[in-house]
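**Student:** This is the structure, below, for whatever I ask next.
The values are calculated or read from the model by the stated rules, or taken from the named source; none is laboratory data. Keep in mind it's a predicted model, so treat the numbers as computed, not measured. Here Cβ is always computed from backbone atoms with ideal geometry, including for glycine, and neighbour counts include all displayed protein chains. Ligands, DNA and RNA are stripped out before the accessible areas are found, and what is left, the full protein with its side chains, is counted by its heavy atoms. Shrake-Rupley method; radii C 1.70, N 1.55, O 1.52, S 1.80 Å.
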Amino acid sequence: MNKAYATDVTDDQWAVIEPSIPPAKHGGAPRTVDMRLVYNTILYINRTGCQWAMVPKDLAKRSTAFDYFSLWKKNGIWQKLMDTLRRQVRTEAGRAPEPQKAAIDSQTVKGSEAGGPRGYDGGKKINGRKRHIIVDTMGLLLVVLVTSANIDDGTGAPEVLKLLSEEHKSRLDEIRGDKKYNNRTLVQYVERSQARYKITVVERPAGVQGLVHLPYRWVVDHTNAWTGRYRRNSKDYERTTSSSEAMVKVSSIHLMLKRLRPDPDTKAAKFTYTPSPMKRAA
């Protein structure tokens, strides 16, 4: 199948994700929608930052693509796709499907005129929303929570930790974060939940200036940078925080899909993972 746009998935890439696309409802009319075209439309919007109302005519109808985007957000398909691909990426890298170590952090981004929850981050001096994420040691996204920007990282951490599934936590023994996570509310939550993992606060060495690679934490910066390459995530353009979370997941899915099945017609640097200065962790 020829690619109309650079964001379109290749045949090999579609073969990876097609099994995770829900079938048509049992007993309903036969599905006439081209699901690959729908998926390509959502990728196009995510990557280019295009408005739903300005989708090119040769992609899926705006209403159709948006309805599926919303449905898959509601029924957890975006998370399922992300989990499936992350496990495949980890396995191909010689790692266990689920991580033993992880990192937590947040990123504040400007809001738009779309409405919905917004807040002011006094530290970053930004009015918008905050993306709280947990990633594995390869920088692959586990879960994401979007809140108004005025939510404190440590206070908001329990809510993003609650999103971790039992599969995510099956091997997890440590989550690292910066000094913002030295928070009483977070400590109390971990104690109450009887989590098998511990929260480790990693601070910058005293007196050190400039960029410092801190064990298990620097990968979060990579994740935020990868996400920011998708223009829909350059600001928060979504009306709801659930749509914001879904758009971050769509970006993560596309990134992992390209690593699993690179497009032979696209010239791009091969993805490499260098564990230093971190210890290699499963």
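**Student:** Convex hull over the Cα atoms of region 24-143, averaged projected area in nm²? Walk me through the numbers before you get to the answer.
**Tutor:** Details: hull surface 42.4 nm².
Projected over every direction and averaged, the Cα hull of region 24-143 covers 10.6 nm².
**Student:** In degrees, nearest 10, range 0 to 90: what is the angle between the Cα axis of helix 218-228 and the longest Cα principal axis of the chain?
**Tutor:** Rounded to the nearest ten degrees, it is 30.
**Student:** I would also like to ask the following. Please give the FRET efficiency for GLU174 paired with ASN150, using the beta carbon to beta carbon distance and R0 = 30 Å, rounded to the nearest 0.05.
**Tutor:** Values: r = 29 Å, r/R0 = 0.96.
Efficiency for this residue pair is about 0.55.
**Student:** According to the Kirkwood expression over distinct Cα-Cα pairs, how big is the hydrodynamic radius of region 75-150, in Å? Working shown, then result.
**Tutor:** Working: mean 1/r = 0.0715 Å⁻¹.
By the Kirkwood definition, the hydrodynamic radius is 14.0 Å.
**Student:** Same structure, new question: Eigenvalues of the Cα gyration tensor times 5, then square-rooted: what semi-axes does that give for region 152-203, in whole angstrom, largest first?
**Tutor:** On the way: eigenvalues 60, 29, 19 Å².
The equivalent ellipsoid of region 152-203 has semi-axes of 17, 12, 10 Å.
**Student:** Leaving out ligands, DNA and RNA, and with a 1.4 Å probe, what % of the accessible surface on region 1-56 is carbon or sulfur?
**Tutor:** On the way: 1660 of 3100 Å².
Carbon with sulfur: 54 percent of the solvent-accessible area.
**Student:** Relative to the longest principal axis of the C-alpha atoms of the chain, give the angle of the C-alpha long axis of helix 62-74, reported between 0 and 90° and rounded to the nearest 10°.
**Tutor:** Computed tilt is about 40 degrees.
**Student:** Let me ask something additional. Count charges around TRP72 for me, please; just the other residues with Cβ under 11 Å from its Cβ, Lys/Arg as +1, Asp/Glu as -1. Don't jump to the answer; show the numbers that get you there.
**Tutor:** Numbers: positive: LYS73, LYS74, LYS80, LYS249; negative: ASP67.
Charge balance near TRP72 sits at +3.
**Student:** Additional query: Enumerate the residues in region 12-38 having an amide nitrogen under 17 Å from the point lying 7 Å beyond the Cα of TRP52 toward its Cβ.
**Tutor:** Answer for region 12-38: 38.
**Student:** Near ASP173, within a Cβ-to-Cβ distance under 12 Å, what is the net charge of the other residues, with Lys and Arg +1 and Asp and Glu -1?
**Tutor:** Once all neighbours under 12 Å are counted, the net charge is +4.
**Student:** Which residue fluctuates the most in the chain, going by a Gaussian network model with Cα springs under 10 Å, if the choices are PRO23, PRO56, PRO158?
**Tutor:** Most flexible of the set in this elastic network: PRO23.
**Student:** If you don't mind, there's one more thing I want to ask. At 7 Å along the Cα-to-beta-carbon direction for both SER70 and ARG118, put a label point, then send me their distance in nm to one decimal.
**Tutor:** About 2.2 nm separates the two model spin labels.
**Student:** Can you tell me the orientation of helix 184-193 relative to the chain, as the angle in degrees between its alpha-carbon axis and the longest Cα principal axis, to the nearest 10?
**Tutor:** 70
**Student:** HN-Hα J couplings of region 98-104 from phi, Karplus 6.51/-1.76/1.60, θ = phi - 60°, integer Hz, Gly and Pro as x?
**Tutor:** Per-residue couplings from phi come out as 10, x, 9, 10, 8, 9, 10 Hz.
**Student:** List the equivalent ellipsoid semi-axes of the chain in whole Å, largest first, each obtained as the square root of 5λ for an eigenvalue λ of the Cα gyration tensor. Before the final figure, lay out each step's value.
**Tutor:** On the way: eigenvalues 203, 96, 71 Å².
Equivalent ellipsoid semi-axes, largest first: 32, 22, 19 Å.
**Student:** Would you work out the relative contact order for the chain, in percent, from Cα pairs under 8 angstrom that are 6 or more residues apart?
**Tutor:** Dividing the mean separation by the residue count of the chain yields 22 percent.
**Student:** Right, here's the next one. Sketch the reach of a paramagnetic label on GLU18 as a point 7 Å from Cα along Cα-to-Cβ, and name the residues of region 60-93 whose backbone nitrogen lies under 19 Å away.
**Tutor:** Answer for this model: 60, 81-82, 84-85.
**Student:** What is the sum of charges around VAL109, taking Lys and Arg as +1, Asp and Glu as -1, for the other residues whose C-beta is under 9 Å from the C-beta of VAL109?
**Tutor:** On the way: positive: LYS110, ARG129, LYS130, ARG131, LYS235; negative: ASP236.
After counting each charged neighbour, the total is +4.
**Student:** Taking R0 as 30 Å, what's the FRET efficiency between ALA4 and LEU260 from their Cβ-Cβ distance, rounded to 0.05? Let's see the in-between values first.
**Tutor:** Details: r = 22 Å, r/R0 = 0.73.
Calculated transfer efficiency: 0.85.
**Student:** Mind checking the per residue accessible area of region 42-185 for me, 1.4 Å probe, whole number of Å²? Mind dumping the intermediate values first?
**Tutor:** Numbers: 6230 Å² over 144 residues.
So region 42-185 comes to 43 Å² accessible per residue, rounded to a whole number.
**Student:** Using a 7 Å offset from Cα along Cα-Cβ at SER242, what residues in region 68-98 end up with backbone N under 16 Å from the label point?
**Tutor:** Counting only backbone N, you get 68-80.
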